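Visitor: For reference, the structure I am asking about is given below.
The values are calculated or read from the model by the stated rules, or taken from the named source; none is laboratory data. The shown structure was predicted, so the numbers you read here are calculated from the model rather than taken from an experiment. Methodologically, a virtual Cβ is constructed for each residue, glycine included, from the backbone with ideal geometry; neighbour enumeration extends over all protein chains shown. Protein only, heavy atoms only, side chains kept; ligands, DNA and RNA dropped before computing areas. Shrake-Rupley method; radii C 1.70, N 1.55, O 1.52, S 1.80 Å.
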Amino acid sequence: MPIIVNGSPAALPEDPRVSLLDFLREELRLAGTKKGCNQGACGACTVLVDGERILSCLALAVQYDGRTITSIEGLAAEGELHPLQMAFIEHDGFQCGYCTPGQICSAIGMAAEIERGVPSHVSADLCADVAPTRAEIRERMSGNLCRCGAHNGIIDAISETMTAEKAA
Ligand code: FES
Ligand code: FES
C-alpha cells in the first residue's frame, strides 16, 4: 500500500532509514514542513497522520505505509486558505514563519484532542469535557516553539478559530 500525502498516493522510500520529514521535504519536495532541531524538541516538523499530530523528524516514512499524511500544503482547499491560516495572518501569529507550518498542523491536531476530551496537565477535571481555554491551548501547544516570540498572536489565532468553530 502506498502512503497518501495530501490526498495523493506516493511510493515509500527504498531506504527504510529515511525519516518522514526528509521524505516529505527531499523526496516529495514538500518543503512547507520545516526541519528545526531534527530531534523532537521544537515542533517545526509537525504533520498530521490520520488527523493526529506527530513529529515527522522522529518518524520513519516506512512506518506510515497506507496511512494518510496531511502537511501544511494539504490544508488550503481549492485555493482557499484554511481558517487557521487566515487567523494567523490576522493576529500576527508569525514573524519569520519558520515555525508556522508546524504550529498550524499542531493546532489542528490539538483541537481534535480537546474535542475528544483528552485531558492535559492543566485540565482541572480529568473526566469532564475540556474547554479550549487559553491556558489549555498554551499548555497543549508548548511543544511548538517560536523563536521569534510570536506566541501571543499564535494563541490568539488558535483561540479565535476554535471559538468560531464551536459557535458554528
Ligand atoms: S524538527 Fe522535529 S521537533 Fe524539531
Ligand atoms: S515566526 Fe519565526 S520562529 Fe515562529
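Visitor: Give, as a single signed number, the net charge of other residues whose beta carbon lies under 11 Å from the beta carbon of Val18, with Lys and Arg counted +1 and Asp and Glu -1.
Guide: Once positives and negatives cancel, what remains is -3.
Visitor: Let me ask something else. Helix-only estimate, please: 222 nm mean residue ellipticity of the chain, summing -39500 (n - 2.57) across DSSP H runs of length 4 or more and dividing by its residues, to the nearest 500. Show your work: numbers first, answer last.
Guide: Details: 4 runs with 48 residues, N = 168.
Mean residue ellipticity at 222 nm (helix-derived): -9000 deg cm²/dmol.
Visitor: Now, a different point. Taking 0.36 nm per residue of sequence separation and subtracting the Cα-Cα distance, how much length would be gained by fully extending the chain between Ala167 and Glu139, in nm to one decimal?
Guide: Separation in residues times 0.36 nm, less the Cα-Cα distance, equals 7.8 nm.
Visitor: Next up: Dipole magnitude of the chain about its Cα centre, charges +1 at Lys/Arg Cβ and -1 at Asp/Glu Cβ only, in debye to the nearest 20?
Guide: 440
Visitor: Identify which of Ile89, Ile69, Ile108 has the largest mean-square fluctuation in a Gaussian network model of the chain, with springs joining Cα atoms closer than 10 Å.
Guide: Of the options given, Ile89 has the highest mean-square fluctuation.
Visitor: Relative to the present Cα-Cα distance, how much length would full extension add between Glu52 and Ile89 at 0.36 nm per residue of separation?
Guide: 10.9 nm
Visitor: Here's a follow-up. When Lys and Arg each count +1 and Asp and Glu each count -1, what net charge do the other residues less than 14 Å away from Tyr98, Cβ to Cβ, add up to?
Guide: +4
Visitor: Just how far, in whole angstrom, is the range 6-20 from the range 67-106 if you go by their alpha carbon centroids?
Guide: Cα centres, the range 67-106 to the range 6-20: 22 Å.
Visitor: Follow-up. Once both axes come from the Cα atoms, what is the angle between helix 100-115 and the longest principal axis of the chain, in degrees from 0 to 90, rounded to 10?
Guide: In the chain, helix 100-115 runs at an angle near 60 degrees to the longest axis.
Visitor: For helix 151-167, what angle does its Cα long axis make with the longest principal axis of the chain, in degrees from 0 to 90 and rounded to 10?
Guide: For helix 151-167, the angle is close to 80 degrees.
Visitor: Round to a whole number: what % of the accessible area of the range 43-168 belongs to carbon and sulfur, probe 1.4 Å?
Guide: The value for the range 43-168 is 54 percent carbon and sulfur by accessible area.
Visitor: Ranked by accessible surface with a 1.4 Å probe, highest first, in what order do Arg116, Arg147 come?
Guide: Final ranking, largest accessible area leading: Arg147, Arg116.
Visitor: Count the net charge of all other residues whose Cβ sits under 9 Å from the Cβ of Ala157, scoring Lys and Arg as +1 and Asp and Glu as -1.
Guide: Counting the neighbours of Ala157, the net charge comes to -4.
Visitor: Out of all DSSP beta bridges with both ends in the chain, state the antiparallel percent to the nearest 5.
Guide: Taking every DSSP beta bridge within the chain, about 85 percent pair in antiparallel fashion.
Visitor: In nm, give the distance between the simple-model label positions of Glu80 and Ala31, each being 7 Å from the Cα along the Cα-to-Cβ direction.
Guide: 3.0
Visitor: Right, another one. Over all distinct alpha-carbon pairs, what is the Kirkwood Rh of the chain in angstrom? Don't skip to the answer; put the middle values down first.
Guide: Numbers: mean 1/r = 0.0612 Å⁻¹.
For the chain, the Kirkwood estimate is 16.3 Å.
Visitor: Obtain the nm distance between the two label points defined at Glu73 and Gln39 by a simple spin-label model: each point lies 7 Å from its Cα along the Cα-to-C-beta direction.
Guide: Reported label-point gap for Glu73 and Gln39 is 2.9 nm.
Visitor: With only alpha-carbon pairs counted, each pair once and no self-pairs, how large is the Kirkwood hydrodynamic radius of the range 3-74 in angstroms?
Guide: 11.7
Visitor: Could I ask something else about it? What residues qualify as long-range amide H neighbours of Ser19, i.e. H under 5 Å apart, gap of 5 or more or another chain, H built at 1.01 Å from N?
Guide: Close amide H contacts, sequence-distant or interchain: Ala61.
Visitor: I'd like to know which of Leu58, Gly109, Ala10 lies farthest towards the positive end of the charge dipole of the range 1-135, counting +1 on Cβ of Lys and Arg and -1 on Cβ of Asp and Glu.
Guide: Leu58
Visitor: Using all C-alpha to C-alpha distances in the range 77-167, build P(r) with 10 Å bins and read off the rounded percent in each one.
Guide: Reading upward from the zero bin: 17, 51, 27, 5, 0.
Visitor: Given a 1.4 Å probe, how much area per residue of the range 3-74 is accessible, in Å²?
Guide: Working: 3400 Å² over 72 residues.
Per residue, the range 3-74 has an accessible area of 47 Å².
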